[in-house]
Amino acid sequence: MTDRITKTCSQSRVIKTSRVFPLDTNNHGTLFGGKLMSMIDDVASISASRHARCEIVTASTDSVDFLFPIQKDHSVCLESYVTWVGKSSMEVFVKVISENLMTGERQLAATSFLTFVALSKEGKALTVPYVKPVSEEEIMMNESAPMRADNRKKRREHSKTLGEKINVNVPWG
């Protein structure tokens, strides 16, 4: 038997809304992808910290799917929560909703999955609580998580193989 506690997805939920200002946009007048990716990592890291209640580190940005551009003067709302855990790793789902502040029209603009690892003060991996999904969405994300975890593992192995073959001693210039 194990002493690991269980937390619900909602215990790690983070919701953050921001307005899209002109300085946040690209030459198309839409939110910079890199700016959104930074916002995604920010809220996802808070979810992982809430779940683990210890130091955490981003291990992987597994996916960011940009579905619709987010316009200047719209708001962007990011919602994140832990969907699944391994021993020390946590998968965090982030959904991004764009809102036209003049009409109230909302649409799903992006989705993302990230993986975080819980660490001790000495930098060693720590065991994290189990996660219990409750809502229909949480259950769907949790049930499909093992497939994503397997894909992450394969992608990481492929990256390691590439890393062994890539020349990092290229002269600058």
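Taken together, the values in this text are just the output of simple stated rules run on the coordinates, not laboratory data. Please read all numbers here as calculations on a predicted model, not as lab measurements. Please note: Cβ atoms are built from the backbone with ideal geometry, for glycine as well, and neighbour counts cover all protein chains shown.
Summing +1 for each Lys or Arg and -1 for each Asp or Glu among the other residues whose beta-carbon sits under 12 angstrom from that of L31 gives +1. Evaluated with a Cβ-only charge set (Lys, Arg +1; Asp, Glu -1), the chain carries a dipole of roughly 500 debye about its Cα centre, given to the nearest 20. A simple packing score, the average count of other Cβ atoms within 10 Å per residue, orders the peptides 158-164, 129-135, 15-21, 72-78 as 72-78, 129-135, 15-21, 158-164, with the highest score first.
The candidate values were (1) 13.7; (2) 12.8; (3) 10.3; the one computed from these coordinates for mean projected area of the Cα convex hull in nm² carries the label (1). The lysines whose alpha-carbon is closer than 30 Å to the alpha-carbon of K72, local same-chain residues fewer than 8 away aside, are K16, K35, K95. Counting Lys and Arg as +1 and Asp and Glu as -1 over every other residue whose Cβ lies under 14 Å from the Cβ of E143, the net charge comes to -3.
Karplus-based coupling profile of segment 110-122, in residue order and whole Hz: 6, 9, 8, 10, 10, 10, 10, 10, 7, 10, 7, 4, 8, with θ = phi - 60° in 6.51 cos²θ - 1.76 cosθ + 1.60 and x standing for Gly or Pro. For segment 6-164, with the dipole built from +1 on Lys and Arg beta-carbon atoms and -1 on Asp and Glu ones, taken about the Cα centre, which of A118, V131, N100 lies farthest toward the positive end? The residue sitting most towards the positive pole is A118. In this structure, the amide hydrogen of S63, modeled 1.01 Å from its nitrogen in the peptide plane, lies closer than 5 angstrom to those of F113, counting only residues at least 5 positions away or on a different chain. For the peptides 79-87, 120-128, residues were scored by their other Cβ atoms within 10 Å and the scores averaged per peptide; the highest-first order is 79-87, 120-128. Taking other residues whose beta carbon is less than 14 angstrom from the beta carbon of T61, and scoring Lys, Arg as +1 and Asp, Glu as -1, yields -1. Near the amide H of T8, within less than 5 Å, lie the amide hydrogens of K132, all on another chain or at least 5 residues away, with H placed in the peptide plane.
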